[in-house]
Structure formats: structure tokens, C-alpha cells
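Structure, as C-alpha cells:
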Amino acid sequence: MLQKTQDATVAVDIENVTKNYGTFTALSRVSLDIRDNEFFTLLGPSGCGKTTLLRSIAGFEEISDGAIRLYGEDIAGLPPHQRPVNTVFQQYALFPHMTVMQNVLFGLQRLRKPKVEAEARCAEVLELVQLSAFAGRYPNQLSGGQQQRVALARALAPKPKLLLLDEPLSALDLKLRQAVRVELKQIQQETGITFIFVTHDQEEALTMSDRIAVMSAGEVQQVGTPREVYEAPRNRFVADFIGETNLLDVSVTSVTGDQALCVLPGGREITCPAAAVVDPGPGHLSVRPERMTLTVPTDALLTGRVENHVYLGTDMQVMVRLEDDEILTLRVQNSEAVVVPTIGAEVGIALEAGAARLLAD
Amino acid sequence: MAGGIASASESAGIYKGRAGLLILPSWLIIGFFLLLPVCMMLIYSFLTKEFRGGVIWEFSLAAYDQFFFNRGLFGDEPPQIEWTYINIFWRSLWQAGLATIFCLVIGFPTAWFIATRVPRHRTIWLLLITIPYWVNLLIRTVSMKFLIRDTGPLNEFLIWLGAIGEPLHLINTNIAVQLGLFYSYLPFMVLPIYASAERYNFSLSEAAADLYAGRWTILRVVILPAVKPGIIAGSILVFVPSLGAFLAPDLLGGAKTFMIGSLIEEQFKGNAGNWPFGAATSMILLSIVMTVLIFYARSQTRREAR
């Protein structure tokens, strides 16, 4: 498992950080512990506060309240140039009048490193991002992907205690983005530097992160490993934002420990894991489309009529209209062995064990 | 820069040929009203002067000789270097240089201030910068004379404040000329720098701060190189007209603050003038300006080819 031990050193301790712009609250009492040598992702839709949080750690935004500690030292009051933290910017922000090498040397020169040492370090990071041959080029002579790697090399060169990445892949095309993901993760592991990565792309977050903080409306909705946030979303926002999901209206009869007994549309009962503190009464059940299978209507947990198919290549999306008119989406593997029922056919739906999860609102 | 993206002219394709016609009117105007007069000046500078203005069509080097050499009152003594005009040139050069530096020192922060306002307010600030230009330069310079004279509002204000006991004698000094030049050409510095500063990507400043650069380092290492084209354009736009200015030195200065512009102007004014000498002086001024500009352009291309 990717899960790290609980007693790992805390690299960044974010405590009750609040940021107001006039009457607008961009961050509302955000608290997070980011561990040493962790690839930590802030994930959320635009306007959720993830970039504001990143910029607060870098020092570009002054927080209204709270504390940001880097290995125990409160850095919230320091200007950006006094924080041992470096950033990879969304549009790279490479200095256009400097060569790749001069860009990478920039931080080392400001730290007054001896010339020989600085140049050796520069060569080292350029090697790491495979750009040694481009040291003499200017940024406008490089492709987008190369510029992105220069930005990474420039930020890594001063050996920061913490590297911040502000949607660094969003300007690249899809193919390149997928390749860079793997590279980025490797570089993080090789250098052992703690990464805080900001993205709105859940796939990026799931593939690279050790842990993810899902954010919405200036608040942290859930923190966990990719598996935890995908398989055990805490609330409707997380379930809906990460991957596709079906939200079923159910009524909760009783909750014992972390298990809940719910009545499904159609009247059948199901026992399923519940996110903490759910009271009996109306509730929402999250079921991932790939965790359900089509069966015969008799004895099935849910029954309905096939409404539509969508062909997706590797998969087939099947929409089923339940008896209470809710529409449920299933993913069926595109295989000779699977017979997809025709539109209008009566079908039953079976849930895999643990597929359904009762959410906190 | 080599290896860049193909320029618009390279990819213009079928429109390329016809675009050449568009520049024709400009060529006609420049040719007729600029190149032709310059050629006439060049020819006049090698002619003999006629006493009531005008020229006699007879080749002569007298104009250039008069500029550089002194052959005594009757022209029969051995030639000595004539310092009068060289001194006037020298004074003009440093007055123009100083005006450029002052305009830069005041103009850069101003342009930066405007460029960092919200877009809606920038237009208002730019309008305010250009408002003095709605009034003719002559009138503005005369007004300046009234403001700074011994009994003018500036001195009266300073005396009222108690900052000075008796009026500052500004009129007819180099300071007055400098003030006039600075005031006349300041917007020519502000506007090009603003154009560069407006396009500045502020995340570059953030990136520099992130990489441990303090405020002054950011200004020196990142901002100044980025707005350099604007600074160069502004410097040329202030330096060149300051060098040939005649209104400010005429109205605000005295005999000791004589500048090239006034010298040339005198040669063509009324009956006392000397057309070939005025033309020769103009040619010498032109060659100085061109030398400076070519030197600048060379250093620029070298830097870019690096």
C-alpha cells in the first residue's frame, strides 16, 4: 500500500488557515498535515481555494488567520524570497531573456552559492529533466513540454524543502501530459523532496499522489490516499467530483458502528458501509458504475428498464431507469462474453460487495 | 532570434506580394518631404553664402571650415581650432543626455505605476499624461518662463513657505533649459515604457521572488531587461529632439545656454543668416545622431544574436 506510517515527520503543518478577500472567503479554517517526502495533491474545481492555499504557502498571498509551519517553523509572516520553498508556475514564468542554464542558475546565484557548485548543481538538475543538450537555448526556442521541464529544473535546483506545483501540466497536450505524470512522480521519488501539487484533474491526482486533499468552496472535504477518496468518499461532493458515480436516494433505517441499513428504491434493503456520523432518515448512496452488473430481474436488488446505451470503445455505458424514475448508469466491459440487453428490456442490477456507500451530505 | 516560430511575413502566402503596395504612400511622403530636403541641405552645405540669406551656386567648404577653424577676423591668419561651435554641441549633448536621464528616472516609475493599475484606470492616467500636449509647445514653454521667473509663482510660493529668503534666479540658466527640455519630452519616455511594462508578465516577478530575489534584484535582473525595448525607444525619443531643441533654450535660456537648435535656427532667420553654415551644422548634428543610433542598433543585434 502507498499509505505511509502515521508517525512520519510533518513537513508542512497548515493550521486553521483563513483567507478573506473583502467579504469573500477563499479559504475557511483549512487544516492539513503534509508529511515529509510525500506527493500531496490539492484537488478541486476552479475557485475552490486550492491555488490560494498554494500561493499562501509560497508567500504570494498573505493569510488572514492561522499558521503555516514548515518543519516546525512558522513561515506565514515571511516574504516569498525568504521561504525555502520553490514553485513551478502554471505558465512556467521562465525568464525570457535568459538561457535555460541562466534560468536554472537564478535561484542558486541569489543564494550566493559558489560558481563551481552552482554550475554542477545546474548540470545535475538538467540531467534529471533530460535537458542537458538545451542549456544554451532561450525559452522561446523550446517546446511547451521542454519549457515545463526547465521550470521544474529551475525550481528543483536550490534544493527546496518543499516544491509547489501549480497545475504545471495543464498547458500540455494529452499525450505529453500522461508521459510527464510518470516522470514527475519518478523525480519526486528520486529527489525525496516533498511535493504539493495543485490540479483540477482527478485522473492526474489519482495517478500521482500519495495523498489527496479534495477541496471545495474554500474547505477541505476529505483527505486520503487515492484509493480512499475514490472508494470511500466521505460526502456527496467528493463522490461526485472524483470519478463518475450514481447517487441513489435511500432511507436509512439504522446505523450500527460504520455499517448502515438502508431501504433502496423499489423497497429492498441493503447493509453498506457509511461515512462517519450519518443519522437515520433520508440519505444518499454512492455506487460506482463499474461496480454493478446486469442480471435477470428476479431477485435483483434493483430493477428497471434499459433507457439508453453509449458506446465508449473499451466500455459500454448502460443507462437504466429505475422504478422511481431515477436513472442509474452502469459500465459494462466491451467483450464478446457480455450480452448487453436491448433498449426497453427489463433488467435487474446486482451490486458487488462493498460497492455501495452511504454518504454524509 | 534564430529558430523561432515562422514570422507572419513568411507565412503570408498569397497576400505577400500585394502588401508591398501598402507601403508606397509612406515611401512617397518620406522620399518627398524627408529624403529630398536632407539631400538639399547636404548640397547647400557645400555652397557659398549669399549675404541676405540664400546661396550662390558655387562649390565651397567655407561652411565646414567656419565650424571647425578660426582664421582670424579677416581670414588671413593660420587656422586654429574654433571652439565656439564645438562647445555649443558639447553643451547640447550633455543637456540632452541629462534630460534623457531625468525623463527616465521620473518616467519609469510613472509608466510602471500606470501599467500596474486596473485596465480601466490606465486609460485615465494615460489621458492625464497627454493632456499638456493639447497645448502648443511654444505656449507651454512661455508659461514655464512665467512660472519660474524671479517674481513668478514658484519663487513666491517658496518664499511664502519660508524655504528661501530671496528668489531663486532660474531664468536664463542651464537649469531652466533643462527644466524646459524635461517637461517638453517626458511623455515620450513614459509612453513607450508603459507599452513595454503593460505587456510584462507579473508571474516573472513572482518566479524571481520565489527563487530568493529581493525587490531590487527583481527590478534589476528581471523587470529592467523585460522593459528594455521601451526604455531604449523612450531614450531615443527624448534624446534626439532634445539635442536639436530650440524653443526651450531660446525662451528659457540666455547667451550662455545656447544650443545647436538655436544655432541652426538663427542661420535661417531673417537677413542675418548664413544658409550654408546652417546646413553644414545640421549635417554635423545629423551625423552625430546617426552614429549614436547605429551604435545602439549594433549593440542590440549583437545581444540578440548571442
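The values are calculated or read from the model by the stated rules, or taken from the named source; none is laboratory data. Here the structure is a predicted model, which means the values were calculated and not measured. Don't worry about glycine lacking a Cβ; one is built from the backbone with ideal geometry, like all the others, and counts go over all protein chains shown. The area values use the complete protein model at the heavy-atom level, side chains included, leaving out ligands, DNA and RNA. Shrake-Rupley method; radii C 1.70, N 1.55, O 1.52, S 1.80 Å.
Here are some residues: A:Val198, A:Val214, A:Val238, A:Val229. Which one is among the aliphatic types (A, V, I, L, M), open to solvent by less than 10 Å² (accessible area, probe 1.4 Å) and either modelled with pLDDT under 90 or under 17 Å from A:Asn37 (Cα atoms) (or both)?
A:Val198
Which of the residues belonging to the stretch A:178-190 are open to solvent by less than 50 Å² (accessible area, probe 1.4 Å) and either of a type outside the set (Lys, Arg) or modelled with pLDDT under 85 (or both)?
Once the filter is applied, which keeps residues that are open to solvent by less than 50 Å² (accessible area, probe 1.4 Å) and either of a type outside the set (Lys, Arg) or modelled with pLDDT under 85 (or both), the stretch A:178-190 yields A:Val180, A:Glu183, A:Leu184, A:Ile187, A:Gln188.
Checking A:Leu78 against (1) within 14 Å of another protein chain (Cβ to nearest Cβ); (2) of a type in the set (A, V, I, L, M); (3) open to solvent by less than 40 Å² (accessible area, probe 1.4 Å), which test does it fail?
Unmet condition: (3).
State the number of residues belonging to the stretch A:42-72 that are more than 14 Å from chain B (Cβ to nearest Cβ), part of a loop (DSSP other than H, G, I, E, B) and buried (at least 17 other Cβ atoms within 10 Å of the Cβ).
4
Kindly indicate whether any position in the stretch B:66-87 is open to solvent by less than 60 Å² (accessible area, probe 1.4 Å), in contact (Cβ under 8 Å) with a residue 24 or more places away in the chain, more than 26 Å from the chain's Cα centre (by Cα) and under 23 Å from B:Lys269 (Cα atoms).
no
Does A:Asn140 meet the test of being exposed (fewer than 15 other Cβ atoms within 10 Å of the Cβ), touching a Pro at 6+ places or on another chain (Cβ under 9 Å), modelled with pLDDT of 90 or more and not acidic (Asp, Glu)?
yes
Output the residues belonging to the stretch A:296-325 that are in a strand (DSSP E or B), surrounded by 17 or more Cβ atoms within 10 Å (Cβ to Cβ) and out of contact with any Leu (no Cβ under 8 Å at 6 or more places or on another chain).
A:Val306, A:Met316 - these are the residues of the stretch A:296-325 that are in a strand (DSSP E or B), surrounded by 17 or more Cβ atoms within 10 Å (Cβ to Cβ) and out of contact with any Leu (no Cβ under 8 Å at 6 or more places or on another chain).
What is the number of the single condition among (1) without any contact (Cβ under 8 Å) to a residue 40 or more places away in the chain; (2) crowded, with 22+ Cβ neighbours inside 10 Å that B:Ile218 does not meet?
(2)
Could you check, for the stretch A:86-96, whether at least one of its residues is at negative phi and free of Cβ contacts under 8 Å to residues at least 24 places away in the same chain?
no
Which one is nearest to A:Asp173 (Cα to Cα) among residues in the stretch A:101-155 that are within 11 Å of chain B (Cβ to nearest Cβ), assigned to a helix (DSSP H, G or I) and aliphatic (A, V, I, L, M)?
Checked the stretch A:101-155; the qualifying residue nearest to A:Asp173 (Cα to Cα) is A:Ala151.
Mind checking whether some residue in the stretch B:166-176 is farther than 26 Å from B:Leu104 by Cβ, free of Cβ contacts under 8 Å to residues at least 12 places away in the same chain and open to solvent by 30 Å² or more (accessible area, probe 1.4 Å)?
Yes: the stretch B:166-176 contains one or more residues that are farther than 26 Å from B:Leu104 by Cβ, free of Cβ contacts under 8 Å to residues at least 12 places away in the same chain and open to solvent by 30 Å² or more (accessible area, probe 1.4 Å).
Where the second residue is open to solvent by less than 10 Å² (accessible area, probe 1.4 Å) and part of a loop (DSSP other than H, G, I, E, B) and the first is within 24 Å of A:Glu204 (Cα to Cα) and lies in the stretch A:233-262, which pairs have Cβ atoms under 6 Å and are six or more apart or on separate chains?
A:Arg234/A:Ala275; A:Ala239/A:Pro233
Could you count how many residues in the stretch B:88-106 are in contact with a helix residue (DSSP H, G or I) (Cβ under 8 Å, 6 or more places away or on another chain), of a type outside the set (Val, Ile, Thr) and open to solvent by 40 Å² or more (accessible area, probe 1.4 Å)?
Of the residues in the stretch B:88-106, 5 are in contact with a helix residue (DSSP H, G or I) (Cβ under 8 Å, 6 or more places away or on another chain), of a type outside the set (Val, Ile, Thr) and open to solvent by 40 Å² or more (accessible area, probe 1.4 Å).
Please go through the stretch A:262-295 and pick out each residue that is in contact with a Pro (Cβ under 8 Å, 6 or more places away or on another chain) and in a loop (DSSP other than H, G, I, E, B). Even if it seems obvious, please write down each step before you answer.
The initial filter retains those residues of the stretch A:262-295 that are in contact with a Pro (Cβ under 8 Å, 6 or more places away or on another chain), namely A:275, A:286, A:294.
Hit for the stretch A:262-295 is A:Ala275, nothing else.
Write out, first by first residue and then by second, each pair whose Cβ atoms fall under 7 Å of each other, whose residues are 6+ apart or on separate chains, and whose first residue, in the stretch B:108-130, is without any contact (Cβ under 8 Å) to a residue 12 or more places away in the chain while the second is open to solvent by 90 Å² or more (accessible area, probe 1.4 Å).
Taking only residues 6 or more apart or on different chains, the pairs are B:Arg117/B:Trp125.
Quick one: which of A:Phe39, A:Phe24, A:Phe95 is over 25 Å from A:Gln189 (Cα atoms) and buried (at least 18 other Cβ atoms within 10 Å of the Cβ)? Talk me through it step by step, then tell me what you get.
Values: A:Phe39 fails: over 25 Å from A:Gln189 (Cα atoms); A:Phe24 fails: buried (at least 18 other Cβ atoms within 10 Å of the Cβ).
On inspection, the qualifying residue turns out to be A:Phe95.
Filter the stretch A:76-121 down to the residues that are within 19 Å of A:Thr194 (Cβ to Cβ), of a type in the set (A, V, I, L, M) and under 25 Å from the mean Cα position of the chain (by Cα) and list them by number.
Listed by number, the residues that qualify are A:Ala76, A:Val85, A:Val88.
Can you find even one residue in the stretch B:205-214 that is touching a residue at least 40 places away in the same chain (Cβ under 8 Å) and open to solvent by less than 20 Å² (accessible area, probe 1.4 Å)? Lay out the reasoning, then the answer.
Applying the first criterion (touching a residue at least 40 places away in the same chain (Cβ under 8 Å)) to the stretch B:205-214 yields none.
Looking for residues that are touching a residue at least 40 places away in the same chain (Cβ under 8 Å) and open to solvent by less than 20 Å² (accessible area, probe 1.4 Å), one finds none in the stretch B:205-214, hence no.
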